[in-house]
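Input: a single structure, listed below in structure tokens.
The values are calculated or read from the model by the stated rules, or taken from the named source; none is laboratory data. As the structure is a prediction and not an experimental result, all values here were calculated from the model. Every residue, glycine as well, gets a Cβ built from its backbone with ideal geometry; the counts of neighbours run over all protein chains shown.
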Amino acid sequence: MRILVVNPNTSVAMTDKIGAAARAVAAPGTEIIAVNPADGPVSIEGYYDEVFSVPGLLAEIAKGEASGVSAHIIACFDDTGLEAARSLASAPVIGIGEAAFHLASLVAHRFAVVTTLSRSIPAIETNLMKYGLASRCAKVRACEVPVLALDDPASNASAQISAEIERARHKDRAEAIVLGCAGMADLAARLSEQHGLPVIDGVASAVKLAEACSVLGLKTSKTGAYATPLSKTYLGAFAAFAPRRD
Ligand code: 5HY
């Protein structure tokens, strides 16, 4: 099977890291195609960045559909553009945030999320409510390291994340931790070992759930929320995005 993994921001180094994390858990026979749009924000930190990442994301999803991929993964923890992507696609579309929340719920009564900046917290809290999993999440915390600083040794990111994990354990009674950024994908195993509890990365979670959907023959339901968009004209710069039902 072939799985498209879209990093909706435009930082190639992050796309490479995400692709490596996806390939590390992919089953034999699963091909991971990791891409990012050429246009859009270099990182997504809050609602404004999210909006400008969605057109590029949808263009990549459309290409994946045309090439017949088995599933799509949106590799941004906010699950940016998830509903629009599902409306466009027939193959399953898995957001790394939703995937991680569900896997955390399978191994822990209560989990906490550790994301990058505090400004990213409201969108994650809103998604937890939307997915019906807010009651399982004790708290969404932030390590206050910007997305693109996660790989900068000067940011002390791993130590900052570890400090929040300890606070989540002792103050929130968290029994598992969800890493709230695709850029943290390479940290999960070591942090789990260091802190003695499950630490869940959304990229790996999404790959296994995408494989499961494909093996089970599940495709996006088009009978309601994710129905194919109605044909209509889009004027101006977005004309190429106009939905055309065959
Ligand atoms: C992500 N931003 O996974 C989110 C995380 C965040 O560019 N990739 C991004 O901080 O909202």
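Brief remarks follow.
- Inside the range 1-19, residues that are assigned to a loop (DSSP other than H, G, I, E, B), more than 9 Å from the ligand (Cβ to nearest atom) and touching a strand residue (DSSP E or B) at 6+ places or on another chain (Cβ under 8 Å) make up a count of 1.
- The range 166-190, residues that are over 16 Å from residue 146 (Cβ atoms), in a strand (DSSP E or B) and either within 16 Å of the ligand (Cβ to nearest atom) or in contact with a His (Cβ under 8 Å, 6 or more places away or on another chain) (or both): 177, 178
- Residue list for the range 33-69, filter: among the small types (Gly, Ala, Ser) and under 17 Å from residue 203 (Cβ atoms): 34, 43, 53, 64
- Selection within the range 32-46 - among the aliphatic types (A, V, I, L, M), more than 16 Å from residue 121 (Cβ to Cβ) and within 10 Å of the ligand (Cβ to nearest atom): 42
- For the residues 184, 129, the requirement of being aliphatic (A, V, I, L, M) and without any contact (Cβ under 8 Å) to a residue 12 or more places away in the chain singles out 129.
- Of all the numbered requirements in (1) closer than 27 Å to residue 191 by Cα; (2) touching a residue at least 40 places away in the same chain (Cβ under 8 Å); (3) within 16 Å of the ligand (Cβ to nearest atom); (4) under 14 Å from the mean Cα position of the chain (by Cα), residue 102 misses one, and that requirement is (3).
- Residue check, residue 90 within 10 Å of the ligand (Cβ to nearest atom), in a loop (DSSP other than H, G, I, E, B), modelled with pLDDT of 95 or more and among the small types (Gly, Ala, Ser): no
- Residue list for the range 137-165, restricted to those being of a type in the set (A, V, I, L, M) and either in a helix (DSSP H, G or I) or not assigned by TED's automatic domain parsing to the domain that holds residue 113 (or both): 147, 148, 149, 154, 157, 159, 161, 163, 165
- For the range 47-81, taking the residues that are on the phi > 0 side of the Ramachandran plot and within 16 Å of the ligand (Cβ to nearest atom), the one that is surrounded by the fewest Cβ atoms within 10 Å (Cβ to Cβ) is identified as 81.
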